[in-house]
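Each remark here refers to the structure printed beneath this line.
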Amino acid sequence: MTDSTKTATTPCQICNSPNAPLYATKDGLCLYKCESCGLVYLDPMLSLESVSNLYSDAYCGTTTGYFAKADKKLRRARRLLKKIRNKASGNKFLDVGCNGGFTMEAARETGFSAHGIELDGASLDYARKNFPGNDYFQGTVQQYQTTMQFDVVYCSEVIEHVSDVNSFLSAIAQLMKPNALLYLTTPDIGHWRRPKNICEWDAFCPPSHCLYFNPSNLAKLLVSHGFDIIKVRWAWKPGIRLYAKRLA
Ligand SMILES: [Zn+2]
């Protein structure tokens, strides 16, 4: 049983409400749920240094495991990029958390100039070697220095890993042209098909996943950073997939 009197030491990053009660513990880590907006978050958060350690070859044997299904990943990325291409104008594409570069390569094939940011060196080595026509940066989006402004930002299964979500989204917004398109996905803790026992949910994996959103608090967060939600895709699996536009 969880200790219901225990509360978070930090306020909710979305609505700033204090004293979120304990929601769950896993491997000695504590997660709290904001009573106002429902954000579930790790507290205390990991330092940037421990996060970087977490992502040194995060996917445990990148070449043998995670990237073994390279053809399938590329095919899936091509299907999605056709949809993104139809919704976007301009040709500058940024992948925040680009992994092995599959999405960037699909973006390049549809006529984008593709740029990618990734913390994990092993993933970047793979991407640089297999998809050399793209531009890569190792680090966080907050560390990314450029004068470029992007037409599309793709950010898939990344925001749940971020310890300071406001600094993250503010950095993304600054890299986008007015009316530029954001495609974002993340697990959905509020989804009707999420296992009732949170510890049985495969996406529940602190400290790697340190923030757990539902569609309404994610929308509120994006709006607070100057985005307009265009479309939220219906999802059979407990995940949120949405398109947003950076307001002018
Ligand atoms: Zn909140």
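Report the antiparallel proportion of the DSSP beta bridges in the chain as a percent, rounded to a multiple of 5.
Bridges in the chain that DSSP calls antiparallel: roughly 55 percent.
Site-free segments of the chain were taken between GluC sites (Glu not before Pro) in DSSP loops having at most 15 other Cβ atoms within 10 Å, sites themselves excluded; the longest one is 36-156.
Length gained on full extension, residue 128 to residue 166: 10.7 nm, using 0.36 nm per residue less the C-alpha separation.
For the chain, the gyration tensor built on C-alpha atoms gives a prolate shape. Its axis ratio a/c (a ≥ b ≥ c) is at least 1.5, and a/b is the larger of a/b and b/c.
For segment 187-248, the residue among 199, 243, 221 whose Cα projects farthest onto the positive side of the dipole built from Cβ charges is 243. The shape of segment 135-229 comes out prolate: with a ≥ b ≥ c from the C-alpha gyration tensor, a/c is at least 1.5 and a/b beats b/c.
Projecting label points 7 angstrom from Cα along Cα→Cβ for residue 89 and residue 7 puts them 4.9 nm apart.
For the chain, find the longest principal axis of its Cα atoms and tell me its angle to the long axis of helix 165-174, 0 to 90°, nearest 10. Tilt relative to the chain: about 30 degrees.
Length available on full extension from residue 192 to residue 145: 0.36 nm per residue minus the Cα-Cα distance, which gives 12.9 nm. Taking Lys and Arg as +1 and Asp and Glu as -1, the other residues whose beta-carbon sits under 13 Å from that of residue 170 total 0.
For segment 66-127, a/c is not less than 1.5, where a ≥ b ≥ c are the root eigenvalues of the C-alpha gyration tensor, and a/b does not top b/c. That puts it in the oblate class.
Cα-Cα over 26 Å: which of 83/245; 72/196; 87/177? 72/196, as the Cα separations exceed 26 Å there.
Could you tally the net charge around residue 74, taking each other residue with its Cβ under 11 Å from the Cβ of residue 74, Lys/Arg +1 and Asp/Glu -1?
+4
In the chain, helical runs assigned H by DSSP with n ≥ 4 each contribute -39500 (n - 2.57); averaged across all residues and rounded to the nearest 500, the mean residue ellipticity at 222 nm is -7500 deg cm²/dmol. Counting only the Cα atoms, segment 180-248 fills a convex hull of 85 Å³ per residue. Only Lys, Arg, Asp and Glu carry charge here, each on its Cβ (+1 for the first two, -1 for the last two); on that basis the chain has a dipole of about 1340 debye about its Cα centre.
Taking every alpha-carbon pair under 8 Å whose residues sit at least 6 apart, the chain reaches a relative contact order of 17 percent.
Throughout, read-outs are computed from the coordinates displayed, never taken from laboratory work. Since we're looking at a predicted model, the values are computed, not measured. As a convention, Cβ positions derive from the backbone with ideal geometry for all residues, glycine included, and neighbour counts pool all protein chains shown.
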